[in-house]
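The values are calculated or read from the model by the stated rules, or taken from the named source; none is laboratory data. All values reported here derive from a predicted model rather than from experimental measurement. Cβ placement follows ideal geometry from the backbone for every residue including glycine, while neighbour counts extend to all protein chains displayed. Ligands, DNA and RNA are excluded from the accessible area calculation, which covers all protein heavy atoms including side chains. Shrake-Rupley method; radii C 1.70, N 1.55, O 1.52, S 1.80 Å.
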Amino acid sequence: LTEATRWLMVPGLLSVLVVSIAAYEICFKKLRNVCDRIEDAEDEEFHRLDYEEERYGAILQCINVVAQVLCIALLGSGYSMRYIHDGRTSLVKFLTACVLFLICFFYCGMAQARYVKLLQKVHPEKKGDIASKDFHKQWLESCDEAEKEAVYQSSYSTYIFSGKLIGILLVVTMIAHLFFNTGVFAIVVVGVIYLCITVKYCVSCVKLKNKL
């Protein structure tokens, strides 16, 4: 499987890049059409278009994440220091794969910036500089109460889901190590993620409780 992944690494990354760009641009065009219509929409039409705006935004986010995960999986499964010692052909393939990987991540970053600027054009009240480390905080502060409530409930639901998923992943990685000798590193990484998420949640709860 590893050898097959190395053989498919460059064409696989190229395919992911092309498909993700095509899918993103098609979806972004549909979102832009919704945004053009939402400014002059009446109440009932506005609610429908507002939902469409949220739906297409979620699809765009998912396309970005899927593209990034596939690129990481392809490059991570195929790259190795042996490329440096296996001759020029292997090294060229590895460097080509790295370039495609960087292009994909650069495009995903630019696509995210385009999405944010489009929303800020339609909703001038939305604040935040995409290049700032405080962007998410600035964006959340500019949301109204209904939007904030949706974010809070979605975040809590995500935290609950993450706890369940990480528990399952811990069991899977432990069983995989037992039967396939995959190593303990994956177990440690999942455990550290679980620890960090739990500690962060608890610390945030204590800080917010102190402010109330």
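Here are the numbers for this structure:
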{"item": "Output for the stretch 4-54, where each listed residue is farther than 19 Å from Ile103 by Cα and among the acidic types (Asp, Glu)", "result": "Asp36, Glu39, Asp40, Glu42, Asp43, Glu44, Glu45, Asp50, Glu52, Glu53, Glu54"}
{"item": "Selection status of Lys148, open to solvent by less than 80 Å² (accessible area, probe 1.4 Å) and not in a helix (DSSP H, G or I)", "result": "no"}
{"item": "Hits in the stretch 1-51 (condition: hydroxyl-bearing (Ser, Thr, Tyr) and touching a residue at least 60 places away in the same chain (Cβ under 8 Å))", "result": "Thr2, Thr5, Ser20, Tyr24"}
{"item": "Meets criteria (surrounded by 16 or more Cβ atoms within 10 Å (Cβ to Cβ) and not acidic (Asp, Glu)) for Ile38", "result": "yes"}
{"item": "Search result, residues across the stretch 202-212 that are open to solvent by less than 80 Å² (accessible area, probe 1.4 Å) and of a type in the set (Val, Ile, Thr)", "result": "Val203"}
{"item": "Scan of the stretch 12-35 for residues that are more than 14 Å from His123 (Cα to Cα) and open to solvent by 70 Å² or more (accessible area, probe 1.4 Å), ordered by number", "result": "Leu14, Val18, Val19, Ile26, Lys29, Lys30, Asn33"}
{"item": "Any chance Val199 is in a helix (DSSP H, G or I), closer than 26 Å to Ser155 by Cβ and either open to solvent by less than 80 Å² (accessible area, probe 1.4 Å) or touching a residue at least 12 places away in the same chain (Cβ under 8 Å) (or both)", "result": "yes"}
{"item": "Ile166 being open to solvent by less than 70 Å² (accessible area, probe 1.4 Å), on the phi < 0 side of the Ramachandran plot, touching a residue at least 24 places away in the same chain (Cβ under 8 Å) and under 19 Å from the mean Cα position of the chain (by Cα)", "result": "yes"}
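Okay, residues lined up against (1) at pLDDT below 90; (2) of a type in the set (A, V, I, L, M, F, W, C); (3) more than 23 Å from Ile193 (Cα to Cα):
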site	(1), (2), (3)
Lys133	yes, no, no
Tyr152	no, no, no
Ala176	no, yes, no
Phe179	no, yes, yes
